[in-house]
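The values are calculated or read from the model by the stated rules, or taken from the named source; none is laboratory data. Bear in mind the structure is a predicted one, so any value in this text is a computation, not a measurement. In this analysis, Cβ positions are derived from the backbone assuming ideal geometry, glycine residues included, and neighbour counts consider all displayed protein chains. For accessibility, only protein heavy atoms count, side chains too; no ligands or nucleic acids. Shrake-Rupley method; radii C 1.70, N 1.55, O 1.52, S 1.80 Å.
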Amino acid sequence: MAILVTGGGGYIGSHCVKRLLLDGEDVVVIDDLSTGYRDAIAGGRFYEGDLACGAFTRDVFEKENIEAVIHFAAFSLVGESYTNPGKYFRNNIGAGLTLMDAMAACGCKYLVFSSTAATYGEPCHIPISEDDPQRPTNPYGESKLAMERIMRWYALAHGLRFCPLRYFNVAGAWPDGSIGERHSPETHLVPLMLQTALKLHPRVTIYGDDYDTPDGTCIRDYIHVCDLVDGHVKALSYLVNGGECTPFNLGIGRGFSVLEMIDAAKEVTGLSIPVTKGPRRPGDPSILVACGQKAMDTLDWKPRYTEPRAIIADAWRWHSRQR
Ligand code: UFG
C-alpha cells in the first residue's frame, strides 16, 4: 500500500517524501512542477500533472494502490492571493475536491491536509489553540479554511478520515543541506535573510517596526520543516489507528521577532545582513504563536528544534550551497 504525496516537489512536500522513504514507505508523488522541482523529489513513483484534472488524478489512483494521502499541493503566497483570489480558490479548493472525489471513488480513506495558521486571521489571544475562532484575513487562509470545512462533509458522505494541520512559520532544511526552501519569487523572511547574507539581495526590508511588541517588529512561531513533517507522519498513523478527525496546530509554542531572527541569522552566517525599515505588510498580524499542546498530547509529537539559530543553521547549509 502506498502513500500519495501531492506537491511532493515543493518545499515541505519534498522533505516529507524524503522522510517517508527513509521510513521505508512506498511513496507516490503528484506534482505539476509549477512551483515544485523535479530534482527535489528524492524517490518514489512520480506523476507529473494537474491534480485538478479529474481524469489524470483518477488514473493515478487506478494505477496505484494508495492507502493514504498527504496533500500539500496548493498555492501559498499570501500577497498574491489578495491580488488574484480566483487563482487561490480555483486551485486550492478545486484541486482538493478532485483529489477527494478520486479518493472516495477508490475507497482511499486517510487524508492529512496542509492547513495554516492563516485560517485564524488576527488572533484573539496568544498562544492560539485549535478551538479559537477562524477568521482569515486573506484569500489564501480562506481557501484553506474552506477545505477544512469541506472535508467534514466528505467524512460524513464517504467516510473520509482527515486531519488538517495548521502550520505556523515553517523554516529550515534537511540537515545535510541536500534539499531546502526554493521559492520563486521568494517572499519569506528566513530565505530572504540568508540570500541577503549571500549578497543576492542588497538588504532585507523590515515590514513595520511600530507593532505592539517589545522591539516593534512582528513575532512569529518558527518551526523546522523536519519537525513539521514528523507531525504529518504522526498524524497519519493516528488516523490509521482510529483517531478522530480533528485539527492540530504545528508550531513550537515560542515566538521570535523579525529583529531577533535577523540577529540569529547574522550569528549563524557570520556575515552582514543589511536591513531597511519599511511599512507594514497588509494582513500581517502582530503576533502569531501556536499552542502546540494538542499535537504533543494526542500525536506524541515533540519538535526537536526549539530555537531559531538551529533552524537557521540548517537553512544556511542549503542556501550557502546554492551560490
Ligand atoms: N517579513 C519582513 N520582511 C520580509 C519578509 C517577511 O519583515 O522581507 C516579516 C513579516 O512581516 C512577518 C515575518 O517576517 O512578520 C514572517 O514573514 P514570512 O513572509 O516569512 O511568513 P508569514 O508570517 O507571512 O507567512 C507564513 C506562511 C504563510 C502562512 C502564515 C501563517 O508563509 O503561508 O505564515 O501565519 F499563512
Inset, instruction - Determine if the range 77-88 includes at least one residue that is farther than 30 Å from L189 by Cβ and at pLDDT below 95. - result: no
Inset, instruction - Check P303, P279 and return the single one that is farther than 24 Å from A173 by Cα and touching a Gly at 6+ places or on another chain (Cβ under 8 Å). - result: P279
Legend entry - R19 open to solvent by 50 Å² or more (accessible area, probe 1.4 Å) and more than 25 Å from N249 (Cβ to Cβ): no
Legend entry - Scan of the range 112-130 for residues that are in contact with a Pro (Cβ under 9 Å, 6 or more places away or on another chain) and of a type outside the set (V, I, T), ordered by number: F113, S114, S115, A117, A118, Y120, G121, E122, P123, C124, E130
Inset, instruction - Enumerate the pairs (first residue in the range 168-185 and within 11 Å of the ligand (Cβ to nearest atom); second residue anywhere and polar (S, T, N, Q)) with beta-carbon separation below 8 Å, excluding pairs fewer than 6 apart on the same chain, so at least 6 apart or on different chains. - result: F168/N249; H183/T35
Legend entry - The lone exception for F248 - which of (1) more than 19 Å from the chain's Cα centre (by Cα); (2) of a type in the set (F, W, Y); (3) away from the ligand (no atom under 14 Å from the Cβ) it fails: (1)
Legend entry - helices (runs of 4 or more DSSP H) wholly inside the range 49-148 containing at least 2 residues that are open to solvent by 40 Å² or more (accessible area, probe 1.4 Å) and under 20 Å from R161 (Cβ atoms): 94-106
Legend entry - Complete set of residues in the range 192-225 that are near the ligand (Cβ under 10 Å from one of its atoms), in contact with a Lys or Arg (Cβ under 8 Å, 6 or more places away or on another chain) and of a type outside the set (S, T, N, Q): I206, Y207, G208, D209, Y211, D221
Legend entry - Hey, L99 of a type in the set (A, V, I, L, M, F, W, C) and in contact with a Leu (Cβ under 7 Å, 6 or more places away or on another chain) or not: yes
Legend entry - Test: I311 is closer than 26 Å to L77 by Cβ and either acidic (D, E) or surrounded by fewer than 21 Cβ atoms within 10 Å (Cβ to Cβ) (or both): no
Inset, instruction - Grab the strands (runs of 3 or more DSSP E) fully contained in the range 209-323, keeping just those with 1 or more residues being within 25 Å of I126 (Cα to Cα) and in contact (Cβ under 8 Å) with a residue 24 or more places away in the chain. - result: 222-224, 248-250
Inset, instruction - Please work out if L239 is under 17 Å from F168 (Cα atoms), more than 10 Å from the ligand (Cβ to nearest atom) and open to solvent by less than 10 Å² (accessible area, probe 1.4 Å). - result: no
Inset, instruction - Any chance you could count how many residues in the range 9-31 are in contact (Cβ under 8 Å) with a residue 12 or more places away in the chain and either among the hydrophobic types (A, V, I, L, M, F, W, C) or touching a Leu at 6+ places or on another chain (Cβ under 7 Å) (or both)? - result: 10
Legend entry - Residue, farthest from C245 (Cα to Cα), within the range 261-294, restricted to residues that are more than 16 Å from the ligand (Cβ to nearest atom) and buried (at least 18 other Cβ atoms within 10 Å of the Cβ): T269
Inset, instruction - Tell me, please, whether a residue that is in contact with a helix residue (DSSP H, G or I) (Cβ under 7 Å, 6 or more places away or on another chain), within 16 Å of the ligand (Cβ to nearest atom) and among the basic types (K, R) can be found in the range 142-150. - result: yes
